[in-house]
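The values are calculated or read from the model by the stated rules, or taken from the named source; none is laboratory data. On a predicted model such as this, the values are computed, not experimentally measured, just so you know. Here Cβ is always computed from backbone atoms with ideal geometry, including for glycine, and neighbour counts include all displayed protein chains. Protein only, heavy atoms only, side chains kept; ligands, DNA and RNA dropped before computing areas. Shrake-Rupley method; radii C 1.70, N 1.55, O 1.52, S 1.80 Å.
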Amino acid sequence: MTTEPPPPPEDDPFRKRPDEDPSKKQQPPPGEGQGPPYDPSYGNQQPPGAGSPYGATPPPYGGGDPYGGGPYANDPLAGMPPLAESGRRVLARIIDMILVIIVVWLLTWGFGVNTYDVNGDDIDYGKSLGQSLIAALLYIGYDTFMTTRSGQTLGKKWLNLRVANLDNGSTPSVQTSLVRALVLWVPFAFCCACFWTAITGGWSFFDKPYKQGLHDKAAKTVVVSTG
């Protein structure tokens, strides 16, 4: 049984096409478009590369592809929209958290599992195991469903952001979306909400070159701008 996610459907509107990826464009045959061959008996014609430290043709501005292998050869972002700003990602996540927290609070209040007391000390805890379980299920279900459906939770949709597969730009599969949601929400719901939110939310501010959070790295996704 393979652990690789299924390939994206051909009708996915966000999937990169070969003609959109400069690394997949057909290159001209060697020698074509480079002028006549060198002939030492013809006037003052110079051999290819003479007078230039770069050879026959100077390299493009910036020295070419920063990842090696020629311009865009190994850059999976070629043909994708620009990466989303980390600040907008954090704002979108806060919107999603507020929306789900409201539902969690209503459900736990209705079922009476939002608090419990420790006998003798009268310590009131703000979150029980039942509340954590409900929160985890709602967060994971919401994130997985919305990401699989369009790559956008409500927060991302309102801020013109989208989750995309790093390798081809398509909408993540159910498996990919679930992995992403589990890494993001299980620690948040059960043990270290504030700490984990700061880590996952802040990671993209420093990650290079793809601005990925830890959940993006686990699922091999990126967040791009749609507007």
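Side notes on the structure shown:
- Selection from region 77-123 of residues that are open to solvent by less than 50 Å² (accessible area, probe 1.4 Å), at pLDDT 90 or above and either over 32 Å from the mean Cα position of the chain (by Cα) or acidic (Asp, Glu) (or both): Asp96
- Top-ranked residue in region 184-196 [being surrounded by fewer than 19 Cβ atoms within 10 Å (Cβ to Cβ) and touching a residue at least 12 places away in the same chain (Cβ under 8 Å); ranked as nearest to Ala78 (Cα to Cα)]: Val186
- Test: residue in region 164-173 that is in contact with an Asp or Glu (Cβ under 9 Å, 6 or more places away or on another chain) and closer than 25 Å to Val104 by Cβ: no
- Phe188 vs. criteria aromatic (Phe, Trp, Tyr), touching a helix residue (DSSP H, G or I) at 6+ places or on another chain (Cβ under 7 Å) and over 19 Å from Pro82 (Cβ atoms): yes
- Residue selected from region 124-141 under the condition surrounded by fewer than 19 Cβ atoms within 10 Å (Cβ to Cβ) and at pLDDT below 80, by the criterion farthest from Val174 (Cα to Cα): Asp124
- A residue that is among the polar types (S, T, N, Q), at pLDDT 95 or above, surrounded by fewer than 23 Cβ atoms within 10 Å (Cβ to Cβ) and assigned to a loop (DSSP other than H, G, I, E, B) occurs somewhere in region 160-170.
- Taken over region 201-214, the criterion of being of a type outside the set (S, T, N, Q) and either open to solvent by less than 10 Å² (accessible area, probe 1.4 Å) or in contact with a Ser or Thr (Cβ under 6 Å, 6 or more places away or on another chain) (or both) is satisfied by Phe205, Lys211, Gly213, Leu214.
- Output for region 142-158, where each listed residue is assigned to a loop (DSSP other than H, G, I, E, B) and surrounded by fewer than 21 Cβ atoms within 10 Å (Cβ to Cβ): Gln152
- Every listed requirement among (1) over 20 Å from Ile95 (Cα atoms); (2) over 13 Å from the mean Cα position of the chain (by Cα); (3) outside any helix (DSSP H, G or I) is met by Gly227 save one, (1).
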